[in-house]
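Have a look at the structure below, then the notes.
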Amino acid sequence: MKTAIVTGATAGIGEAAVRAFAGAGWRVIGTGRRADRLEALADEIGRDTLHTIAFDIRDEAAREQALRDLPDGFRDVDLLVNNAGLALGTAPAQETKLDDWMTMIDTNVVALVAMTRLLLPGLIARKGAIINLSSVAANYPYTGGNVYGATKAFARQFSLCLRSDLHGTGVRVTSIEPGMVETEFTTVRTGDKAASDKLYAGSNPMTGEDIAQTMLWVASLPPHLNINSLELMPVSQSFAGFQVAREG
Ligand code: 8X3
C-alpha cells in the first residue's frame, strides 16, 4: 500500500485529492489549518486510511514537527502533493497589499519548497513522486495576477528543475496547471462569496474532483512515465487578447 501526503486538504482540490487517493487504496496524510474539517474527513474516510495533521503550512517549526511525528503506517511517504496555496486580491500591483503578497509567497513558494526538501530523502529512497499544484496563471499573465501568477510560475519551474536534479533517482515530478476550478479559491481571493458564485455561474467550471482524478492518473502511470507538466481548462475558458493603451 502506498502513502500520499496532501497539503491543503481541508477543501477544494486538496480535499478531493484525499478522497481520490483514499478511494484508490492509498494511505493518505492530509494537512491543513482547519482541524474541524480534517476531523470530519478522518471520521468519514477512517483513521487507518487517513491521518490528519492540523497546522499552518507557513509555520516552519510546525512543518518540521508534523513530518517528524508521523505515526506507524504513515512514515514512508511515496507521493507528496504540494497542493496548499492561495490567491489574495485581484487589484493591480500598485494598489495591492504587501502583506497579501508575502502571505502568497510564504504559502505558495516557501512552504512548497520546505515540504519538498523535508520529504526528498524518503522520496528518493522509495523512488516516489511529487505533484506540485501550479496554475494556468504560471503560463499566461493577466491583470491582477501579479504575485499569485509569479508564485505559480515558481511552482512550475521548480518542478521542472527538480526533474533535472533528480535525474537517475527514479523520482517523478509533475506540475499540474489548472484553469478555472470551482472551489473556495475565488471566495478567498475576492473575499466575496457572491462574486465567486457569479464568476462560476453558467460556466461549467472544472471541479476539485476533476483535478484530483488527474493527479491520481499521473501518480498511477507506469513508473517509467513522467508527465512533466499538464495544463487543464474547462472548455468554457480560453485566452484573452493583448491590451493596447492609446494616447488621448
Ligand atoms: C487560478 C486559475 O483560471 O481561475 O489558479 O484564474 S484561474
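Residue-by-condition table, conditions (1) within 14 Å of the ligand (Cβ to nearest atom); (2) under 13 Å from the mean Cα position of the chain (by Cα); (3) of a type in the set (D, E, K, R):
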residue: 113; (1), (2), (3): no, yes, no
residue: 160; (1), (2), (3): no, no, no
residue: 168; (1), (2), (3): no, no, no
residue: 172; (1), (2), (3): no, no, yes
residue: 189; (1), (2), (3): yes, no, yes
residue: 195; (1), (2), (3): yes, no, no
residue: 198; (1), (2), (3): yes, no, yes
residue: 210; (1), (2), (3): yes, no, yes
residue: 224; (1), (2), (3): no, no, no
Residue 164 passes all but one of (1) within 11 Å of the ligand (Cβ to nearest atom); (2) modelled with pLDDT of 95 or more; which number fails?
-> (1)
Please state which one of 116, 96, 151, 107 is of a type in the set (Val, Ile, Thr) and open to solvent by 20 Å² or more (accessible area, probe 1.4 Å).
-> 96
Kindly indicate the residue of region 127-150 that is assigned to a helix (DSSP H, G or I) and β-branched (Val, Ile, Thr) and also farthest from the ligand (Cβ to nearest atom) among those meeting that condition.
-> 147
Given (1) among the aromatic types (Phe, Trp, Tyr); (2) modelled with pLDDT of 95 or more; (3) closer than 17 Å to residue 152 by Cβ, number of the condition residue 185 does not satisfy | (2)
Segments classed as helices (runs of 4 or more DSSP H), wholly inside region 161-248, with at least 2 members that are touching a residue at least 24 places away in the same chain (Cβ under 8 Å), over 20 Å from residue 151 (Cα atoms) and out of contact with any Lys or Arg (no Cβ under 9 Å at 6 or more places or on another chain) | 208-220
Would you check if there is a residue in region 158-171 being aliphatic (A, V, I, L, M), within 19 Å of residue 16 (Cα to Cα) and surrounded by 19 or more Cβ atoms within 10 Å (Cβ to Cβ)?
-> no
Every listed condition ((1) at pLDDT 95 or above; (2) among the hydroxyl-bearing types (Ser, Thr, Tyr); (3) within 16 Å of the ligand (Cβ to nearest atom)) holds for residue 52 save (3)
From the set of residues in region 7-64 that are hydroxyl-bearing (Ser, Thr, Tyr) and open to solvent by 20 Å² or more (accessible area, probe 1.4 Å), which is farthest from residue 110 (Cα to Cα)?
-> 49
Report the residue count in region 77-93 for those that are under 23 Å from the mean Cα position of the chain (by Cα), open to solvent by 20 Å² or more (accessible area, probe 1.4 Å) and away from the ligand (no atom under 16 Å from the Cβ).
-> 1
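Determine whether residue 247 is over 18 Å from residue 123 (Cβ atoms), away from the ligand (no atom under 16 Å from the Cβ) and not aromatic (Phe, Trp, Tyr).
Answer is yes for this residue.
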Unmet requirement for residue 109, which otherwise passes all of (1) within 13 Å of the ligand (Cβ to nearest atom); (2) of a type in the set (Val, Ile, Thr); (3) under 20 Å from residue 55 (Cα atoms) = (1)
Considering residues that are more than 9 Å from the ligand (Cβ to nearest atom) and crowded, with 23+ Cβ neighbours inside 10 Å, the number found within region 175-187 is 2
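The values are calculated or read from the model by the stated rules, or taken from the named source; none is laboratory data. In this text, all values refer to a predicted model and were calculated from it rather than measured experimentally. Counting neighbours? That spans all protein chains shown, and the Cβs are built from the backbone with ideal geometry, glycine included. SASA here: full protein model, heavy atoms, side chains in, ligands and nucleic acids out. Shrake-Rupley method; radii C 1.70, N 1.55, O 1.52, S 1.80 Å.
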